[in-house]
1. May I ask for the distance between the Cα centers of the range 33-72 and the range 14-31, given as a whole number of Å?
2. Hey, with R₀ at 45 Å, roughly what FRET efficiency would residue 251 and residue 230 work out to, going by the Cβ-Cβ distance, to 0.05?
3. Give me the one-decimal nm value for the distance between modelled label points at residue 25 and residue 258, 7 Å along each residue's Cα-to-Cβ direction.
4. Which is farthest toward the positive dipole end of the range 151-242 among 153, 183, 164, measuring Cα position about the Cα centre, with Cβ charges +1 (Lys, Arg) and -1 (Asp, Glu)?
5. Just the accessible area for residue 46, please: 1.4 Å probe, Å², rounded to the nearest 10?
6. For residue 313 paired with residue 203, estimate the spin-label separation in nm (one decimal), with each label point 7 Å from Cα along the Cα-to-Cβ line.
Amino acid sequence: MSAPTPAAKTERLLNLVICLLYTRQPLSKQRIRAAVPQYGEAASDEAFDRMFERDKDELRDLGIPLRAEAIDPLFDDETGYRIDRREYALPEIRFEPDELAVLGLASRTWQQASLAGAAATALRKLEAADVERDDGTLVGLEPRVRTAEPAFPAMKDATVARRQVSFRYRKADGTVSERRLQPWSVTNWHGRWYVAGHDLDRDAPRVFRLGRIDGPVRASGPAAAYEVPADHDALVMIRGSEVEREPQPAVLHVRVGSGHALRRRARTSGDIDDDWSQLDIDYTDTEIFADQIAGYGPTVRVIQPDDLRESVTRRLRAVLDTNREDA
């Protein structure tokens, strides 16, 4: 019989807590076995007993007040279990006005799906405890931390778990190579997300921009497989790695009446016909410029160079595929 996954074990422990938390009287082991679905799948009584004993120890290690009491006060021959709700509940929560302001501000920071759920859950817990935040103290403050890069969730999870990852990486000049990394940190700097870590193929610290990762991030190996250096400073590594290349020329066709930001950047511009204009424009980073162009959709076409056109096409195809899946 294969070992349960961490998610299955967590679900079993959660079901056990719910079962023991919402009972006024201690429950016998057999009633617990009947109430928790995962216990009903045990191959034998002995397997259930071993599983239940491990789970009891784990709940106590987590600080959950699991009580063992006699089911019938007149007879102590059968032990039951419950969780005292008074001991389990959090004490009264009090925050100063400035602390509530910070909590409210933090809840607004993560606007993308990858971390929005955690922020929303935290606020719901505060509201359930009758903690009222003061939105008036936040007027004029509306931070936004974008996590739109597809690589962000998988890279963040691998970094937290300290698991090795591999991925295809597209450099600023458009060349692609396979990389293997022990990620140390994921950091936002000047509006861009980076991962810093130990490059296994080059046996040296390296920094990678998440927006340049081409395709999925693949985690492998066990968790806690390495240690992050005590003196690791992600910002120092990022600053040392960001060397912009010389400006590269691009030729774009832009529909008349659109692409005004591109028109302002252009070295030269001229009308092709009543519908299209041609822009000669310089850029330094292929992936960042491709993000900007893709945002214009069908109103901007890349004529040259090929690698920029391919980067824009890749983004538009990803949007198309996502919409097809949603449909």
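The values are calculated or read from the model by the stated rules, or taken from the named source; none is laboratory data. All values reported here derive from a predicted model rather than from experimental measurement. Cβ: placed from backbone, ideal geometry, glycine included. Neighbour counts: every protein chain shown. Quick note on the areas: whole protein, heavy atoms, side chains included, nothing else; ligands and nucleic acids left out. Shrake-Rupley method; radii C 1.70, N 1.55, O 1.52, S 1.80 Å.
1. Between the Cα centres of the range 33-72 and the range 14-31 lies a distance of 9 Å.
2. Numbers: r = 50 Å, r/R0 = 1.11.
The computed FRET efficiency comes out at 0.35.
3. Rounded to a tenth, the inter-label distance reads 7.1 nm.
4. 153
5. Spelled out: residue 46, probe radius 1.4 Å, area about 110 Å².
6. Going by the 7 Å Cα→Cβ label model, 4.0 nm.
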